[in-house]
Amino acid sequence: MNTSSHISLETLADIVEGRATSAALESAVVHLSSCPDCVDTLRQLQHASLMMQSDTANDDAPRDLLQSAINIFSRERQSLPLRHIVATLIFDSRQAGPAFGIRSLRSASRQLLYSAQETDVELRITVQNDECIVAGQVIRAGCAGGRVEISGDNGTAAVNLNEVCEFTFPAIPLGMYSLRVKMPDVQIEIPELELKD
């Protein structure tokens, strides 16, 4: 279904809070009779409104309520076209010149830097006991809350970016993998990431 034909989140909120005009309400009733997505969003807003009205605590909002609100607004963001970008390797510490090599003699980690338009992905790969620990940072404005996934023949793992867009995967077996950084408006892919000694 075309998302542009859905009732806007603002209009649904006006309906829940009794602020909708009679014309907007009449149009919404017709649309809601044939759109389960908008009915679901309306129910979530009604539930959130009831929770807020009945909450007498002075504490932070309940975790479930916050997640419900985040999910509603995430759905709005998902209507934006998602760009898929393949990242290009621009630096590999194993192939660095002598000056860098001398400075990094004490480092047991391989360092990689990938570029994907306005985003850079920095990786640090440390091999220990036939396993790799892959850590790194996404360098881009507004990437906190994104997700990074790694998958290959030897396993799959996924972690969220922290508040400074860093991530660390648990140890995974050596092998060939692909890595994806997922954010609301873009997915960056490193299709061939070889993890080896």
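The values are calculated or read from the model by the stated rules, or taken from the named source; none is laboratory data. None of these values were measured; they are calculated from a predicted model. Methodologically, a virtual Cβ is constructed for each residue, glycine included, from the backbone with ideal geometry; neighbour enumeration extends over all protein chains shown. Keep in mind that these areas ignore ligands, DNA and RNA; they rest on the heavy atoms of the full protein, side chains included. Shrake-Rupley method; radii C 1.70, N 1.55, O 1.52, S 1.80 Å.
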Legend entry - Percent of Cα-Cα distances greater than 17 Å, calculated over the range 133-197: 36
Legend entry - Accessible surface of HIS47 - all protein chains present, 1.4 Å probe, nearest 10 Å²: 100
Legend entry - Spin-label pair ASN129/GLN117, simplified geometry with 7 Å Cα→Cβ offset, distance in nm: 4.2
Legend entry - Förster radius 22 Å - calculated FRET efficiency between LEU9 and SER54, Cβ distance, rounded to 0.05: 0.50
Inset, instruction - Can you send over the solvent-accessible area of ASP60, 1.4 Å probe, protein chains only, in Å² to the nearest 10? - result: 140
Inset, instruction - Measure off 7 Å from each Cα along the Cα-to-Cβ vector at ARG147 and VAL29, then give the distance between these two points in nanometres to one decimal. - result: 3.9
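Using a Förster distance of 35 Å, how high is the FRET efficiency between ASP197 and LEU82, based on the Cβ-Cβ distance and rounded to 0.05? The partial results should precede the final answer.
Values: r = 36 Å, r/R0 = 1.03.
Rounded to the nearest 0.05, the efficiency is 0.45.
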